[in-house]
Amino acid sequence: MDSRELTTALEREFGGEEPHRRVVARQARDLADAGKLEADRGEPLTAADVVNNMADAPDDKDLVERWNWWLGSLETAYGGYDRFTVRFVDDGPDVNA
């Protein structure tokens with residue numbers, strides 16, 4: 001799977017912020033490299049597959065939420081997909097609070 005192709009497709013289909021598109025594309029690349037989806041579903045992961053599956057998410061979801069929604073579906077169906085979800089890390093306390 002071509003990460004650049006996926007990043008472009010994500011922008012075209014869902015917009016979102018560039019860093020979010022990059023991280024989703026990176027996780028998709030990691031998923032493809034792991035071979036798990038191919039083993040579970042019998043076919044390799046493509047950029048079109050990612051976009052088509054993310055498009056099934058509810059309309060009110062943003063790019064990362066759509067990715068995580070799809071991965072949640074895969075987790076429920078097959079297990080072992082949670083490690084490919086996108087998580088935001090808290091950088092610590094807000095110094096302006």
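The values are calculated or read from the model by the stated rules, or taken from the named source; none is laboratory data. Just so it is clear, the structure is predicted and the values come from calculations on it, not from any experiment. Virtual Cβ from ideal backbone geometry, glycine too; neighbours counted across all protein chains shown. Side chains included, ligands, DNA and RNA excluded: accessible areas come from the protein's heavy atoms. Shrake-Rupley method; radii C 1.70, N 1.55, O 1.52, S 1.80 Å.
Given +1 at the Cβ of Lys and Arg, -1 at the Cβ of Asp and Glu and no other charges, the dipole of the range 1-48 around its Cα centre is 80 debye to the nearest 20. Angle of helix 3-14 to the longest C-alpha principal axis of the chain, folded into 0 to 90 degrees and rounded to 10: 70°.
Residue by residue, the range 55-71 carries 3J(HN,Hα) couplings of 5, 6, 5, x, 4, 7, 8, 7, 4, 5, 4, 5, 4, 5, 4, 5, 5 Hz when phi is fed to the Karplus relation 6.51 cos²θ - 1.76 cosθ + 1.60 (θ = phi - 60°); x denotes Gly or Pro.
Its Cα centre serving as origin, the chain has a Cβ charge dipole (Lys and Arg +1, Asp and Glu -1) of approximately 240 debye. Heavy-atom accessible surface of the chain, averaged per residue, reaches 63 Å², computed with a 1.4 Å probe. Counting only DSSP H runs of at least 4 residues, each contributing -39500 (n - 2.57), and dividing by the residue count of the chain, the helix-based mean residue ellipticity at 222 nm comes to -19000 deg cm²/dmol. In the chain, the longest principal axis of the Cα atoms and the axis of helix 18-34 are about 40 degrees apart.
Where in the range 1-91 are there chymotrypsin sites (Phe, Trp or Tyr not before Pro) that are in a DSSP coil and have at most 12 other Cβ atoms within 10 angstrom of their Cβ? Those satisfying the criteria are Phe88.
Charge tally around Ala57: other residues with Cβ under 13 Å, Lys/Arg +1 each, Asp/Glu -1 each, net -4. Residue-normalised convex hull volume from the C-alpha trace of the chain: 119 Å³ per residue.
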